[in-house]
Amino acid sequence: MSGKVVQELFIEADGVVVPLQRSVKPHGEIKLVVGYEGKEKDSSRLANRYTVATTKSSRVAWESASAAFGHKWVLSEVKKIRIGGDGAEWVKHGLDGLDPVWWTP
């Protein structure tokens, strides 16, 4: 078993729209998924933060994030996973593959 055992995991996801050069499409979206264990004591800094970024589909973004987070943390031992975001449809897809998960807009 690799990774750290934690009771609670926080995941936040958001997209950033950027202009594309030399592309048929004028804009693209970078999907960012950040996992962390909470806030550091007496600070607003995220504890043990890990970030995944991709320009691929939402499915690939969440699969990549789940795989990366699975190496950092033992997901099967996490009692509560909180997913937060702006409510974009691709962000809510994260609810499908993780358990037990709570949506925190």
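What to note about this one:
- Selection among 76, 24, 94 by position relative to the dipole of the chain gives 24 as farthest towards the positive end (Cβ unit charges, Cα centre).
- The chain: angle of helix 58-72 to the longest principal axis, Cα-based, in degrees nearest 10: 30 degrees
- Relative to the current alpha-carbon distance between residue 102 and residue 49, full extension at 0.36 nm per residue lengthens the span by 17.2 nm.
- Fully extended contour minus Cα-Cα distance, from residue 89 to residue 40, at 0.36 nm per residue: 14.6 nm
- Shown here: log10 I(q)/I(0) by the Debye sum over Cα atoms at q = 0.15, 0.17 Å⁻¹, derived from the displayed model; of the candidates [x] -0.62, -0.77; [y] -0.69, -0.84; [z] -0.68, -0.77, it corresponds to [x].
- Inter-site label distance for residue 60 and residue 27 at 7 Å from Cα along Cβ, in nm: 2.0 nm
- By the rule of a C-alpha distance below 27 Å, with chain neighbours fewer than 8 residues away ignored, the lysines paired with residue 92 are 4, 25, 31, 39, 56, 72, 79, 80.
- Potential extension, residue 2-residue 20 segment - 0.36 nm per residue separation minus Cα distance: 2.7 nm
Each reported figure results from applying straightforward, stated rules to the coordinates on display, with no laboratory input. Being a predicted model, the structure only gives us computed values, none of them experimental. Neighbour counts run over all protein chains shown; Cβ positions are idealised from the backbone, glycine included.
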